[in-house]
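Participant: Structure in structure tokens, see below.
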Amino acid sequence: MHFGSTLRSLTAPLRLRKGDATRAAIVDAALTVARREGLEGLTIGALADAMSMSKSGVFAHFGSREELQLAVLNEYTARFVDDVLRPAVKKPRGVPRLQALLENWLRLLAREIEQGCLLIAGASEYDDRPGPLHDAMVRIVTGWKRELLRAIEQAREEGHVHGDVDAAQLVFEIYGLMLVTHQDARLLRSRDSLARARTALARLLASAGVEKAPSKSTSKPPSKASTRKKPATAAARTVRRNPPKPARMPGASASAPAPKAKRVQVRGAASRARAAK
């Protein structure tokens, strides 16, 4: 093998990794811009200025502006999964997992009040614009609602919610609540929007039969020890162990019962009285 061929084979992976790192950095910067300006406000020129790169340098990693926008949307979705969905699926099936999904979503929404929520803003941007970006937004929103629906159905299977709960209706109401929370916090700058959202979510879950997340012990049958009778109080134990002894008449034998000893003494007194006569 020639030296030149060997050098190219050694440096090709390095160039690939460097190219991937540059592309990731561009997408990260583009995501920051898109949160603030929206996906439609994302341009190759503005991104090149933000990255201190030439337009051709940015364009080399993305064939078109639309490809850049799709890459940003995919990156946002991956981070959403890492922040909201992935930690929640580690929880037990049922209400614990559902509550983790909703709490993780609220925490992300709290950060996005200042950063901007691409999921909500993008849906508004492309709701009436046919094309790849519209289709991508539909897949993302539909996929997320499907995850919520699955979590509610699992809670129903586990017996954590009412058996007749309408899972699709509950997803609709939860999603609507999150949308109004974003509007109330971002547009109206309401300071109590997140607290009100948690209160409303708790009320929705309560209407479905949820009071609190069940602990693991509630699903296990009671142990033998828990089915035994409760131990008696100290006073009762003392009475059973040391029952009161019957009173004995003076002079009676310790082994003889008190009533018998009394009869013996009475008979003896009567005999002595007859002998005296």
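The values are calculated or read from the model by the stated rules, or taken from the named source; none is laboratory data. Computed from a predicted model, the values in this text were never measured in an experiment. Cβ atoms come from the backbone with ideal geometry, glycine included; neighbour counts cover every protein chain shown. Ligands, DNA and RNA are stripped out before the accessible areas are found, and what is left, the full protein with its side chains, is counted by its heavy atoms. Shrake-Rupley method; radii C 1.70, N 1.55, O 1.52, S 1.80 Å.
Participant: Pairs please, first residue from region 116-132 and hydroxyl-bearing (Ser, Thr, Tyr), second anywhere and assigned to a helix (DSSP H, G or I), Cβ atoms under 8 Å, 6+ apart in sequence or on different chains.
Facilitator: That search, which allows pairs on different chains as well, returns Tyr126/Leu39; Tyr126/Leu133; Tyr126/His134; Tyr126/Met137.
Participant: Among the candidates Ile174, Ile113, single out the residue that is of a type in the set (A, V, I, L, M), over 27 Å from Leu70 (Cβ atoms) and either assigned to a helix (DSSP H, G or I) or touching a residue at least 60 places away in the same chain (Cβ under 8 Å) (or both).
Facilitator: Ile174
Participant: So, one more: Are any residues in region 178-208 within 18 Å of the chain's Cα centre (by Cα) and free of Cβ contacts under 8 Å to residues at least 40 places away in the same chain, and if so, which ones?
Facilitator: Residues satisfying the conditions are Ala195, Thr199, Ala200, Ala202, Arg203, Leu204, Ala206.
Participant: Tell me which residues, restricted to region 27-45, are open to solvent by less than 50 Å² (accessible area, probe 1.4 Å) and either in a helix (DSSP H, G or I) or not small (Gly, Ala, Ser) (or both).
Facilitator: The answer is Val27, Ala29, Ala30, Leu31, Val33, Ala34, Arg35, Leu39, Gly41, Leu42, Ile44, Gly45.
Participant: Take Gly122 and tell me if it is on the phi > 0 side of the Ramachandran plot, open to solvent by less than 70 Å² (accessible area, probe 1.4 Å) and modelled with pLDDT under 95.
Facilitator: It is false that Gly122 is on the phi > 0 side of the Ramachandran plot, open to solvent by less than 70 Å² (accessible area, probe 1.4 Å) and modelled with pLDDT under 95.
Participant: Only one of Ala24, Ala48 is in a helix (DSSP H, G or I) and open to solvent by less than 50 Å² (accessible area, probe 1.4 Å); which?
Facilitator: Exactly one of Ala24, Ala48 is in a helix (DSSP H, G or I) and open to solvent by less than 50 Å² (accessible area, probe 1.4 Å), namely Ala48.
Participant: Right, another one. Please count how many residues of region 82-119 are closer than 18 Å to Gln154 by Cβ and either among the β-branched types (Val, Ile, Thr) or open to solvent by 50 Å² or more (accessible area, probe 1.4 Å) (or both).
Facilitator: 11
Participant: For Gly63, all conditions in the list (1) more than 25 Å from Arg196 (Cα to Cα); (2) out of contact with any Gly (no Cβ under 9 Å at 6 or more places or on another chain); (3) open to solvent by 70 Å² or more (accessible area, probe 1.4 Å) hold save one; what is the number of the exception?
Facilitator: Result: Gly63 passes all but (3).
Participant: Then there's this: Test of understanding: among Val161, Val138, Val180, which residue is open to solvent by 10 Å² or more (accessible area, probe 1.4 Å) and in a loop (DSSP other than H, G, I, E, B)?
Facilitator: Only one candidate passes the filter, namely Val161.
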